[in-house]
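Quick notes on the structure that follows.
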Amino acid sequence: MPVFDHPEFDHHQQIVFGSDEASGLRAIIAIHDTTRGPALGGLRIFPYESDAEALTDVLRLSRGMTYKSALADLPLGGGKAVIIADPRRHKTPELLRAMGRLVDSLNGAYITAEDSGSGEDDMRLIAEATEHVGGLPRHGQASGDPSPFTAWGVFSALKSAVRHRLGRDDLSGLRVAVQGVGHVGAHLARHLHAAGARLVLTDVDTAALAHLAEELGAETVAPEAIADAEVDVFAPCALGAALSAEVVERLRATVVCGAANNQLATPEMAKRLQARGILYTPDYVANAGGVIEIAWQRRDDYAREAVMAHIEGIGTTLAEIFARAEREGQSPAIVADDLARERFRPAD
C-alpha cells in the first residue's frame, strides 16, 4: 500500500498501522503535525471496504485536525485514528483496550477522542490502557461528549456566513437544510429552530429523523433529495465528501456551512462553489468547537464561560477569512488553508 506517494499524504510525521490478533483490532493512527503541540484527533470506527480506503480517510482527517487546531488557536497539532470494523457488530471491550495500548505506545504524541462510531463509553475503556484520551468528564461535568460544543461552533459559523453572504444578522425565517441529524446535527437543528429558522432535515436513520422533525416541526426529505431543497443554507452534518460535483451543481442554497469533516469530495469543488456564487464555510474552521472544549478540559483553569467565548470566536475568524477571500477573489477554502499554514509551518 503506497504511503509517501499517496495523494492525501501531506508531509505527515508518523503513520502507525496496528493490529491485535486476540481482539481483531486493525487500526491506523496518522500524526500529521505536532509543531503547535501533541496531535489531537478523534477515533473513527468504520467498516471500510479496504485498507486503502481507511488510509485515505485517516490521512485526510489528520491533516484537517492540524488546520483546525491552528485556526482555533490551540496549542495542539493534528492526528486521527481509524479502526477498520463495524461499530455495531465488532466493537468489544477487548478491541478498545487493544486500541488504548496502541495509542499509549506513541507516548503522548497522539491524543485520541470520540468520533463517528465511537463514544464516551468507548473512551472510558480506552482510558484503561492509556492516559492519552480527551473528551472524558472533568471539572465537574456530567459528560465529556464534545458534540454540543461542536454544534455551538457550527451555529456561530453559520451566523457569520449568513451575515457575510446574505447581509442578515438574524436567522428568523431562514431556510436551512441539515444533512444528518446525529449528535451534532440534532444539536445544530435545535439551535437553528430556536433562532427562528425553517428546517429541512434528512438522515439515513429514519426513526431518529422522524422524532426530531416532530419535535421541531421540520420538513423531511429522502437523503438523495436534500441537495435539491429550496433553502438558503445547506448544512452537511453526516460523513465526508458530501459536496461532489453532482451535488454542487444541484444545490439551491447560497451558503454551505455544516459540521461534517472533509465536505469537499475533491479540492476542485471549492472553486465550483465559488463559480456558482455559493459561499463555502471551511469545515475544519466551523466544526472546531468540540476540539476547543477538549483542549480546555486539559487545562487547570477550565471555565465554561471562557470555553464558550473561545468557541464563539469561530465566527470572528470566519469573518476574517470571508473578507480576505473576497478581496483576493479566492475561495474561503484556499484562504483558510493559507492562514492555517502560516500558524503551524515556520517560515523558511
Could you tell me which residue of region 254-268 is nearest to the chain's Cα centre (by Cα), considering only residues that are surrounded by 21 or more Cβ atoms within 10 Å (Cβ to Cβ) and over 14 Å from Leu61 (Cα atoms)? Gly258
Is one or more of the residues making up region 240-247 out of contact with any Leu (no Cβ under 9 Å at 6 or more places or on another chain), part of a helix (DSSP H, G or I) and within 23 Å of Gly134 (Cβ to Cβ)? no
Residues to consider are Ala325, Ala241, Ala295; find the one that is at pLDDT below 95, small (Gly, Ala, Ser) and open to solvent by less than 20 Å² (accessible area, probe 1.4 Å). Ala295
Can we say Leu106 is open to solvent by 10 Å² or more (accessible area, probe 1.4 Å) and touching a residue at least 40 places away in the same chain (Cβ under 8 Å)? yes
On the basis of being open to solvent by 10 Å² or more (accessible area, probe 1.4 Å) and either in contact (Cβ under 8 Å) with a residue 40 or more places away in the chain or assigned to a helix (DSSP H, G or I) (or both), does Leu188 make the cut? no
Can you pull out every residue in region 195-233 that is farther than 17 Å from Leu174 by Cα and in a helix (DSSP H, G or I)? Thr206, Ala207, Ala208, Leu209, Ala210, His211, Leu212, Glu214, Glu215, Pro223, Glu224, Ala225
Mind listing whichever residues of region 316-344 are outside any helix (DSSP H, G or I) and either outside the structural domain of Arg272 (by the TED database) or among the basic types (Lys, Arg) (or both)? none
Return the residues of region 38-62 that are of a type in the set (Lys, Arg) and at pLDDT below 95; say none if nothing qualifies. Arg60
Within region 244-252, is there a residue that is open to solvent by 10 Å² or more (accessible area, probe 1.4 Å) and either touching a residue at least 60 places away in the same chain (Cβ under 8 Å) or not assigned by the TED database to the domain that holds Leu192 (or both)? no
Residues in region 36-44: is at least one more than 19 Å from the chain's Cα centre (by Cα), open to solvent by less than 10 Å² (accessible area, probe 1.4 Å), of a type in the set (A, V, I, L, M) and in the same structural domain as Gly100 (by the TED database)? no
Here's a check for you: in region 270-291, which residue that is open to solvent by less than 10 Å² (accessible area, probe 1.4 Å) and in a helix (DSSP H, G or I) is nearest to Lys80 (Cα to Cα)? Gly290
Hits in region 216-238 - residues which are over 20 Å from Gly153 (Cβ atoms), β-branched (Val, Ile, Thr) and either open to solvent by 40 Å² or more (accessible area, probe 1.4 Å) or touching a Cys at 6+ places or on another chain (Cβ under 7 Å) (or both): Thr220
For region 64-77, which positions are small (Gly, Ala, Ser), touching a Phe, Trp or Tyr at 6+ places or on another chain (Cβ under 7 Å) and within 19 Å of Gly240 (Cβ to Cβ)? Gly64
Filter pass, Pro75 being in contact with a His (Cβ under 6 Å, 6 or more places away or on another chain) and more than 25 Å from Asp51 (Cα to Cα): no
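The values are calculated or read from the model by the stated rules, or taken from the named source; none is laboratory data. Values in this document were obtained by computation on a predicted structure and should not be read as measured data. Ideal geometry is used to build each Cβ from the backbone, glycine not excepted, and the neighbour counts take in all protein chains shown. These accessible areas exclude ligands, DNA and RNA; they are computed on the full protein's heavy atoms, side chains included. Shrake-Rupley method; radii C 1.70, N 1.55, O 1.52, S 1.80 Å.
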